[in-house]
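To start, the structure itself, in structure tokens.
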Amino acid sequence: MNDTSSDGYTFDLTGGHPALDFANTVSRRADRSENREYLASYGRLVSWGLQTGLVTRAEAERLRAEAADHPRAALAALRRATTVRETIYELLRPLAHGERPQSAALEAFNAALPDALGALRVGTEREGFRWRFEQDASDLAPMLAPVLRAAADLLTSDGIARVRECDSESCFWLFLDTSKSGTRRWCDMKVCGNRAKARRHHQRIKSRPS
């Protein structure tokens, strides 16, 4: 859990939105004995931030060095990250089914927002201005602030009606349905969609009279 190095793992970013991709860093949630935790170490958390572009390569190297010097702080940052992840999931999953989330999930989300939005600044660039996050160097989970802001933006946008949960019986990943018809069923057709097709085909064969 406290490994600060990069193990070369590549995350599957099929959610179509940073908040959804973050929620999808664990799979098979329905069965704790079978679920797969992809944020298995602090190093993985940094790798996720780097892969999604929420931290730069230089920031990732600094974070790994800081974490190696302060392993307890790194472990605390990882635990905070997984807590935020579960809060986002508990908030968005009911909405994917047209239901209202529990008030406790919204309260937990709002409790995490002040620190995240408090780091938001307006910065300059060559062609104008842009939002950026300016966090204390001691914060070992700087990717959480942009994730929380992205989740808040999604919740307050028309896009929230396009959040779906994968139709696979073992996946439970969330994704943003950008299809024209709005009827996409799988987080990834090449993975969960093909597995479902293969399972149905196998069931049809088994049901045929011998």
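The values are calculated or read from the model by the stated rules, or taken from the named source; none is laboratory data. These numbers come from a predicted model, not from an experiment. Cβ coordinates were reconstructed from backbone atoms using ideal geometry, including for glycine residues, and neighbour counts include every protein chain displayed.
For residues in segment 90-101 being assigned to a loop (DSSP other than H, G, I, E, B) and touching a helix residue (DSSP H, G or I) at 6+ places or on another chain (Cβ under 8 Å), which is farthest from Leu20 (Cα to Cα)? Let's see the steps before the verdict.
We begin by selecting, within segment 90-101, every residue assigned to a loop (DSSP other than H, G, I, E, B); these are 97-101.
This time we only want the ones that are touching a helix residue (DSSP H, G or I) at 6+ places or on another chain (Cβ under 8 Å), so: 100-101.
Values: Arg100: 18, Pro101: 16 Å.
Filtering first and then ranking leaves Arg100.
What do you reckon, is Ser103 at pLDDT 95 or above and more than 18 Å from the chain's Cα centre (by Cα)? Criteria met by Ser103.
The set of residues from segment 122-142 being acidic (Asp, Glu) and closer than 20 Å to Thr82 by Cβ comprises just one member, Asp139.
Candidates are the residues of segment 176-203 that are of a type in the set (S, T, N, Q), farther than 22 Å from Phe11 by Cα and part of a loop (DSSP other than H, G, I, E, B); the one that is modelled with the lowest pLDDT is Thr183. Out of the residues in segment 20-54 that are modelled with pLDDT of 95 or more and polar (S, T, N, Q), which is nearest to Ala68 (Cα to Cα)? Once the filter is applied, the top-ranked residue is Ser41.
Need pairs with beta-carbon distance below 9 Å; first residue at positive phi and within segment 108-131, second modelled with pLDDT under 95 and loosely packed, with under 11 Cβ neighbours inside 10 Å; sequence gap 6+ or separate chains. Pairs found: none. If you go through segment 11-29 and pick out every residue that is touching a Gly at 6+ places or on another chain (Cβ under 8 Å) and among the small types (Gly, Ala, Ser), you end up with 1. When segment 102-141 is filtered for residues that are under 15 Å from Leu54 (Cβ atoms) and outside any strand (DSSP E or B), the ones remaining, listed by number, are Ala116, Ala119, Glu134, Gln135, Asp139, Leu140, Ala141. Considered as a group, the residues in segment 84-95 that are touching a residue at least 24 places away in the same chain (Cβ under 8 Å) and within 12 Å of Leu39 (Cβ to Cβ) include one that is farthest from the chain's Cα centre (by Cα), and that residue is Val84. Checked against (1) free of Cβ contacts under 8 Å to residues at least 12 places away in the same chain; (2) closer than 15 Å to Val147 by Cβ; (3) surrounded by 15 or more Cβ atoms within 10 Å (Cβ to Cβ), Pro101 meets all criteria but (2).
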